[in-house]
Amino acid sequence: MKFNLKVWRQKNANTAGKLVDYTIDQINEDMSFLEMVDVLNDNLVRKGEDPIAFDHDCREGICGMCSMYISGRAHGPQHGATTCQLYMRKFKDGDTIYVEPWRARAFPIVKDLVVDRGAFDRIIAAGGFVSANTGQAQDANNLPVNKDDAEKAMDAAACIGCGACVAACKNASAMLFVSAKVSHLALLPQGEPERNRRALAMVAQMDAEGFGNCTNTGACEAECPKEIKLVNIARLNREYANAAFASETQI
Amino acid sequence: MATLDSKIPEGPLDEKWSSYKEHAKLVNPANKRRLEVIVVGTGLAGASAAASLAELGYKVKTFCFQDSPRRAHSIAAQGGINSAKNYKNDGDSVHRLFYDTIKGGDFRAREANVYRLAEVSVNIIDQCVAQGVPFAREYGGMLDNRSFGGAQVSRTFYARGQTGQQLLLGAYQALERQIGLGNVTQYSRHEMVDVVTIDGKARGIIAKDLKTGKLERHFGHAVLLCTGGYGNVFFLSTNAMGSNVTAAWKAYKKGACFANPCYTQIHPTCIPVTGDYQSKLTLMSESLRNDGRVWVPKSAEDAKAIREGKKGPLDIKEEDRDYYLERKYPSFGNLCPRDIASRAAKEACDDGRGVGKTGLAVYLDFADAINRLGVDVVKARYGELFPMYQNITNQDPLKTPMMIYPAVHYTMGGLWVDYELMTSVQGLYALGEANFSDHGANRLGASALMQGLADGYFVIPYTIGNYLSGDIFTKPIDLNHPAFVEAENAAQERMQKLMSIKGKRTVDDFHKALGKIMWEYCGMARSAEGLTKARKMIQDLRKEFWSDVAVPGEINDFNPELDKAMRVADFLEQGELMVVDALNRNESCGGHYRVEFQDQGEAKRDDEQYAYVAAWEFTGVDAEPILNKEELKYENIKLQVRSYK
Ligand SMILES: Cc1cc2nc3c(=O)[nH]c(=O)nc-3n(C[C@H](O)[C@H](O)[C@H](O)COP(=O)(O)OP(=O)(O)OC[C@H]3O[C@@H](n4cnc5c(N)ncnc54)[C@H](O)[C@@H]3O)c2cc1C
Ligand code: SF4
Ligand code: FES
């Protein structure tokens with residue numbers, strides 16, 4: 001297969017970037033999208049040019065590191081898949097493919113397709129945890145958990161922190177990511193004691209990082225590779241409202 | 001020669017750990033605040049250690065090369081984590097888990113360490129549940145378990161097919177909490193490129209800020225390496241792309257012994273290699289062997305016809321199929337241990353009966369299970385796995401058998417550590433897959449997660465105090481100390497050298513070439529002849545690398561190719577040590593199979609001569625390493641032949 005690629009090249013956060021054209025040939029349909037970029041980079045290195053910088057690690061759809069905005073869609077055209085799990089057979093021979101980084105004020109560009117998602121870590125540090133020091137735990141089965149709640153918590157906990165929801169959103173809102181963590185912990189009894197504090201602190205940090213507001217468009221849900229649902233955002237709104245207006249919790 | 005004191009406490013096996021804890025020296029809270037600990041790696045081992053130490057009051061710095069600590073390779077673990085909870089009332093106990101793990105490791109692990117691992121396995125589950133890890137549950141609200149290879153009880157806890165992810169997120173959240181509280185400083189996109197030792201003690205590291213390419217000096221009263229395994233020396237493996245040996249290798253070059261480097265685990269059920277462009281191999285969970293039947297055609301002609309596309313698997317009649325695991329190991333059948341299933345697949349393919357375009361694949365067939373249980377049950381049982389397979393290969397395993405082949409998965413070898421997890425360098429510790437301690441020559445499924453968390457949550461918090469209590473008067477060492485300057489200069493020179501070669505071959509070219517040598521000669525079947533040849537080939541390849549590698553870009557910049565080159569340079573040295581170790585071990589045990597030492601295809605151990613840990617000591621890149629031996633003493637169990645027939 002043969003493709004025309006238009007790839008965003010940008011030296012660093014302080015220089016302007018632009019789309020650069022590349023053509024690539026002899027691509028096998030069983031290659032993953034990242035393996036196709038590997039081949040392109042191999043060609044570039046052999047020519048003495050700077051290869052395209054991009055983030056990746058597990059290549060199994062679980063670490064959340066890969067992050068390409070492909071022809072107008074976060075992680076490309078395949079629903080429920082990360083960039084590393086996208087295969088070239090999803091494209092047609094001769095296609096022109098645009099490859100860009102996640103774009104959001106809170107995710108500054110490092111180089112080419114690589115962005116800084118440290119804001120997500122800081123949101124977790126603000127409250128996305130249960131304060132249980134090592135050694136304090138009681139026997140695990142002393143705390144039965146309703147199976148349905150456990151399953152729902154697991155659905156939300158499946159978020160890989162990739163940031164596609166932010167990239168897909170016209171407001172660059174991080175609500176889906178934040179709501180996934182708040183939901184995971186709010187659905188479990190272990191999360192109860194810090195429930196109010198968590199919702200307030202995580203939302204405050206999200207705002208401080210410069211993410212946009214949620215206007216319920218749903219683009220995040222459509223592009224999320226782990227199919228995190230919008231109901232989580234509704235739950236976050238409830239959690240937040242309870243904490244802000246119906247409790248005396250302050251952060 | 002290094003002196004290897006394993007520091008195993010006196011007393012009966014089941015009292016060693018509690019007696020150690022009672023006698024270990026303590027550090028008072030005020031002093032802890034003055035003690036700085038560097039933790040390299042934020043996988044299960046690193047994140048759990050860093051969070052726990054910070055909770056105790058130590059000042060901690062953590063490092064990882066990914067853009068967030070949450071992305072460590074532990075995130076990819078699927079199956080589950082073992083624990084001797086005996087929630088199923090099926091006769092499990094600490095002793096049974098201990099015994100299964102020792103036996104699974106083909107009697108090449110240390111008794112005292114494995115016993116402690118089994119003991120603390122119980123606390124791990126409690127801790128993780130308290131953090132909110134959403135383990136699978138039964139309708140009554142209690143925790144669910146599944147069975148894994150090498151055990152007759154149900155002791156594996158799991159969170160769908162994402163156990164590693166959920167355990168890591170639990171540890172990551174505990175770590176982020178400590179970061180938020182200001183007790184931990186996290187350095188993401190930072191790669192450790194050297195350990196700094198002063199007067200024989202580890203005192204810090206040199207780290208490369210991958211965003212800017214600049215080198216930094218960091219001081220610590222102690223340094224913990226939690227940097228994972230080195231399976232990527234084979235280029236193709238189930239490990240994440242960035243997994244590397246650099247941190248452990250630098251420690252080795254600074255005096256830490258490297259133990260049993262040849263013990264590698266090759267997992268039998270992975271998606272086969274299809275082309276040269278392939279960058280990694282994907283694991284298909286061991287659980288599939290509960291219902292899948294492994295076979296190849298009986299005749300080489302049929303196999304050839306399949307490879308050429310003239311026949312498909314469904315054209316091969318039942319009587320013309322060889323269900324070779326069931327034939328060879330009637331009592332365990334398709335569920336025999338990983339090392340054995342892998343070797344059998346290789347034999348079938350070497351015999352000309354492999355399938356797939358390359359001939360390096362065997363079938364894993366669900367047709368019987370579907371007939372017996374119906375499509376829906378089979379689909380539900382293996383959830384995500386079938387769609388994942390279909391997405392990668394474009395074939396539907398419900399209609400045609402899966403194709404699988406063994407792939408490198410885990411490394412049992414690693415830095416030698418004593419009972420306290422300290423390497424042979426004072427103040428330098430190794431935790432998780434980076435050390436060698438608990439799995440002997442073969443690791444059982446669901447025990448790596450257990451070991452990583454045991455080391456981080458429940459072992460190091462006690463053992464580090466025993467060392468640091470003697471260090472409370474040491475002030476932070478000036479970063480201009482000659483040892484820091486020298487280490488930084490050496491790293492800088494190495495980078496400059498790599499950039500200045502401007503050769504013709506890419507880093508991946510070399511990495512792939514190394515991987516081929518390792519796989520061919522130091523993979524599933526090894527021989528003295530092949531290993532001797534391989535050693536020479538690796539030495540030659542290393543020379544070529546240092547004269548012909550092409551590293552583009554700039555040195556003081558975000559430059560992933562340079563980072564890769566630095567890792568591959570270390571693999572090119574470490575691969576040789578693996579070969580040396582494999583050559584030294586004139587026996588077959590677990591994942592190490594020497595064709596000269598077998599009994600009709602079954603591994604033949606030599607307990608008389610090789611019941612020891614081979615701990616190698618560095619003497620120079622092109623010099624012979626020194627072999628130190630730690631005898632393995634079995635006081636509580638009897639060595640036996642592992643039979644699965
Ligand atoms: C596909 C797959 C499935 C698995 N499934 C299971 C399972 O079901 N059950 C089970 O028990 N085990 C399983 N394992 C094994 C298990 O996941 C690993 O052995 C374990 O997670 C290793 O944890 P770790 O903390 O030691 O290292 P890792 O999780 O590998 O973490 C290494 C850390 O070190 C950092 N690092 C490495 N080098 C450097 C450096 N030079 N400088 C700075 N930082 C560095 C990395 O950034 C990372 O943070 C599986 C493995 C794979 C590959
Ligand atoms: S919610 Fe979905 S898209 Fe957003 S970070 Fe999580 S996994 Fe990625
Ligand atoms: S590389 Fe890990 S999710 Fe894509």
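The values are calculated or read from the model by the stated rules, or taken from the named source; none is laboratory data. Here the structure is a predicted model, which is why all the values come from computation and not from measurement. All Cβ positions, glycine included, derive from the backbone under ideal geometry; neighbour counts span all protein chains shown. Heads up: the accessible areas ignore ligands, DNA and RNA and are worked out on the full protein's heavy atoms, side chains in. Shrake-Rupley method; radii C 1.70, N 1.55, O 1.52, S 1.80 Å.
If you take the residues in the stretch B:491-508 that are within 9 Å of chain A (Cβ to nearest Cβ) and β-branched (Val, Ile, Thr), which one is surrounded by the most Cβ atoms within 10 Å (Cβ to Cβ)?
So, considering only residues that are within 9 Å of chain A (Cβ to nearest Cβ) and β-branched (Val, Ile, Thr), the one surrounded by the most Cβ atoms within 10 Å (Cβ to Cβ) is B:VAL507.
Just wondering, is there one or more residues in the stretch B:594-609 that are open to solvent by 30 Å² or more (accessible area, probe 1.4 Å) and within 23 Å of the chain's Cα centre (by Cα)?
yes
List the pairs whose first member sits in the stretch A:49-78 and is closer than 28 Å to B:GLN166 by Cα and open to solvent by 40 Å² or more (accessible area, probe 1.4 Å), whose second member is within 16 Å of ligand 1 (Cβ to nearest atom) and not polar (S, T, N, Q), and whose Cβ atoms are under 8 Å apart, counting only residues at least 6 apart or on separate chains?
A:HIS56/A:MET65; A:HIS56/A:CYS66; A:HIS56/A:CYS84; A:HIS56/B:MET241
Can you tell me which residues in the stretch B:274-285 are out of contact with any strand residue (DSSP E or B) (no Cβ under 7 Å at 6 or more places or on another chain) and either away from ligand 3 (no atom under 16 Å from the Cβ) or of a type in the set (A, V, I, L, M) (or both)?
Our first condition is that a residue be out of contact with any strand residue (DSSP E or B) (no Cβ under 7 Å at 6 or more places or on another chain); within the stretch B:274-285, this holds for B:274-280, B:285.
If the condition is that a residue be out of contact with any strand residue (DSSP E or B) (no Cβ under 7 Å at 6 or more places or on another chain) and either away from ligand 3 (no atom under 16 Å from the Cβ) or of a type in the set (A, V, I, L, M) (or both), then B:THR274, B:GLY275, B:ASP276, B:TYR277, B:SER285 are the ones that fit.
Count, please, the residues in the stretch B:541-576 that happen to be buried (at least 19 other Cβ atoms within 10 Å of the Cβ) and out of contact with any helix residue (DSSP H, G or I) (no Cβ under 8 Å at 6 or more places or on another chain).
Number of matching residues: 4.
I'd like to know if the stretch B:21-35 contains one or more residues that are buried (at least 21 other Cβ atoms within 10 Å of the Cβ) and either aliphatic (A, V, I, L, M) or farther than 24 Å from B:CYS257 by Cβ (or both).
yes
Between A:CYS84, A:CYS66, which is within 16 Å of ligand 1 (Cβ to nearest atom), more than 8 Å from chain B (Cβ to nearest Cβ) and either assigned to a loop (DSSP other than H, G, I, E, B) or touching a Pro at 6+ places or on another chain (Cβ under 7 Å) (or both)? Talk me through it step by step, then tell me what you get.
Numbers: A:CYS84 fails: either assigned to a loop (DSSP other than H, G, I, E, B) or touching a Pro at 6+ places or on another chain (Cβ under 7 Å) (or both).
Matching residue, one of A:CYS84, A:CYS66: A:CYS66.
State yes or no: is B:ALA109 without any contact (Cβ under 8 Å) to a residue 40 or more places away in the chain and away from chain A (no Cβ under 14 Å)?
When the stated conditions are applied, B:ALA109 does not pass them.
Condition check ((1) more than 24 Å from A:ASP38 (Cα to Cα); (2) within 16 Å of ligand 3 (Cβ to nearest atom); (3) not assigned by TED's automatic domain parsing to the domain that holds A:CYS66) across all residues:
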position	(1), (2), (3)
A:THR83	no, yes, no
A:GLU100	no, no, no
A:ALA104	yes, no, no
A:VAL130	yes, no, yes
A:ASN133	yes, no, yes
A:ALA150	yes, no, yes
A:ALA156	yes, no, yes
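If you check B:GLY427, B:GLY359, which single one turns out to be assigned by TED's automatic domain parsing to the domain that holds B:CYS257 and not hydrophobic (A, V, I, L, M, F, W, C)?
Answer to the selection: B:GLY427.
So that you can scan it fast, the table gives a plain yes or no per residue for (1) more than 25 Å from B:ALA240 (Cα to Cα); (2) surrounded by fewer than 24 Cβ atoms within 10 Å (Cβ to Cβ); (3) within 14 Å of chain A (Cβ to nearest Cβ); (4) under 25 Å from the mean Cα position of the chain (by Cα):
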position: B:GLN166; (1), (2), (3), (4): no, no, yes, yes
position: B:GLY170; (1), (2), (3), (4): no, no, yes, yes
position: B:LEU175; (1), (2), (3), (4): no, no, yes, yes
position: B:GLY180; (1), (2), (3), (4): yes, yes, yes, no
position: B:HIS190; (1), (2), (3), (4): no, yes, yes, yes
position: B:LYS201; (1), (2), (3), (4): yes, yes, no, no
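Say we look at the stretch A:37-62 and pick out the residues that are within 16 Å of ligand 1 (Cβ to nearest atom) and out of contact with any His (no Cβ under 8 Å at 6 or more places or on another chain); which of these is farthest from the other protein chains (Cβ to nearest Cβ)? Step through it out loud before you land on a result.
Looking only at the stretch A:37-62, we keep the residues that are within 16 Å of ligand 1 (Cβ to nearest atom), and these are A:55-62.
Right, trim to out of contact with any His (no Cβ under 8 Å at 6 or more places or on another chain) and you get A:55-56, A:59-62.
Details: A:ASP55: 6, A:HIS56: 6, A:ARG59: 5, A:GLU60: 6, A:GLY61: 8, A:ILE62: 5 Å.
Taking the candidates together, the pick is A:GLY61.
Is it fair to say B:GLY132 is at the interface with chain A (Cβ under 10 Å from one of its Cβ atoms) and either away from ligand 2 (no atom under 16 Å from the Cβ) or touching a helix residue (DSSP H, G or I) at 6+ places or on another chain (Cβ under 7 Å) (or both)? Show your work before the answer.
Values: at the interface with chain A (Cβ under 10 Å from one of its Cβ atoms): yes; either away from ligand 2 (no atom under 16 Å from the Cβ) or touching a helix residue (DSSP H, G or I) at 6+ places or on another chain (Cβ under 7 Å) (or both): yes.
So B:GLY132 fits the description; yes.
Just the residues that are more than 30 Å from B:GLY601 (Cα to Cα) and open to solvent by less than 40 Å² (accessible area, probe 1.4 Å), please, taken from the stretch B:509-536. Step through it out loud before you land on a result.
Taking the stretch B:509-536 as the starting set, the residues that turn out to be more than 30 Å from B:GLY601 (Cα to Cα) are B:509-511.
If the condition is that a residue be more than 30 Å from B:GLY601 (Cα to Cα) and open to solvent by less than 40 Å² (accessible area, probe 1.4 Å), then B:PHE510, B:HIS511 are the ones that fit.
What are the pairs, 6+ residues apart or on separate chains, where a residue within the stretch B:352-379 that is more than 15 Å from B:LYS399 (Cβ to Cβ) has its Cβ under 9 Å from a residue that is among the polar types (S, T, N, Q)?
Correct list of pairs: B:ARG353/B:SER299; B:GLY356/B:THR274; B:LYS357/B:THR274; B:THR358/B:THR274.
Could you list, in sequence order, all residues of the stretch B:421-471 that are of a type in the set (D, E, K, R) and within 14 Å of chain A (Cβ to nearest Cβ)?
The answer is B:ASP455, and nothing else.
Being at pLDDT 90 or above, within 16 Å of ligand 1 (Cβ to nearest atom) and among the charged types (D, E, K, R) narrows it down to one residue among B:LYS298, B:LYS280; which is it?
Testing whether each residue is at pLDDT 90 or above, within 16 Å of ligand 1 (Cβ to nearest atom) and among the charged types (D, E, K, R) leaves just B:LYS280.
Can you list residue pairs whose Cβ atoms sit under 9 Å apart, with the first residue in the stretch B:68-92 being closer than 19 Å to B:TYR115 by Cα and the second being within 15 Å of ligand 3 (Cβ to nearest atom) and open to solvent by less than 30 Å² (accessible area, probe 1.4 Å)? Count only pairs 6 or more apart in sequence or on different chains.
B:ILE81/B:GLY164
From B:ALA49, B:ALA54, B:ALA24, which residue is within 14 Å of chain A (Cβ to nearest Cβ), more than 16 Å from ligand 2 (Cβ to nearest atom) and touching a Phe, Trp or Tyr at 6+ places or on another chain (Cβ under 9 Å)?
Going through B:ALA49, B:ALA54, B:ALA24 in turn, just one is within 14 Å of chain A (Cβ to nearest Cβ), more than 16 Å from ligand 2 (Cβ to nearest atom) and touching a Phe, Trp or Tyr at 6+ places or on another chain (Cβ under 9 Å): B:ALA49.
Tell me, which residue of the stretch B:203-221 that is open to solvent by 40 Å² or more (accessible area, probe 1.4 Å) and in contact (Cβ under 8 Å) with a residue 60 or more places away in the chain is nearest to A:PHE120 (Cα to Cα)?
Here is the first cut: in the stretch B:203-221, the ones open to solvent by 40 Å² or more (accessible area, probe 1.4 Å) are B:211-212, B:214, B:216-217.
Narrowing the set further to residues that are in contact (Cβ under 8 Å) with a residue 60 or more places away in the chain leaves B:211-212, B:214, B:217.
Numbers: B:LYS211: 18, B:THR212: 21, B:LYS214: 25, B:ARG217: 27 Å.
Restricting to residues being open to solvent by 40 Å² or more (accessible area, probe 1.4 Å) and in contact (Cβ under 8 Å) with a residue 60 or more places away in the chain, the top hit is B:LYS211.
Which one of A:LYS226, A:LYS170, A:LYS147 is within 14 Å of chain B (Cβ to nearest Cβ) and closer than 28 Å to A:GLY76 by Cα?
The conditions single out A:LYS226.
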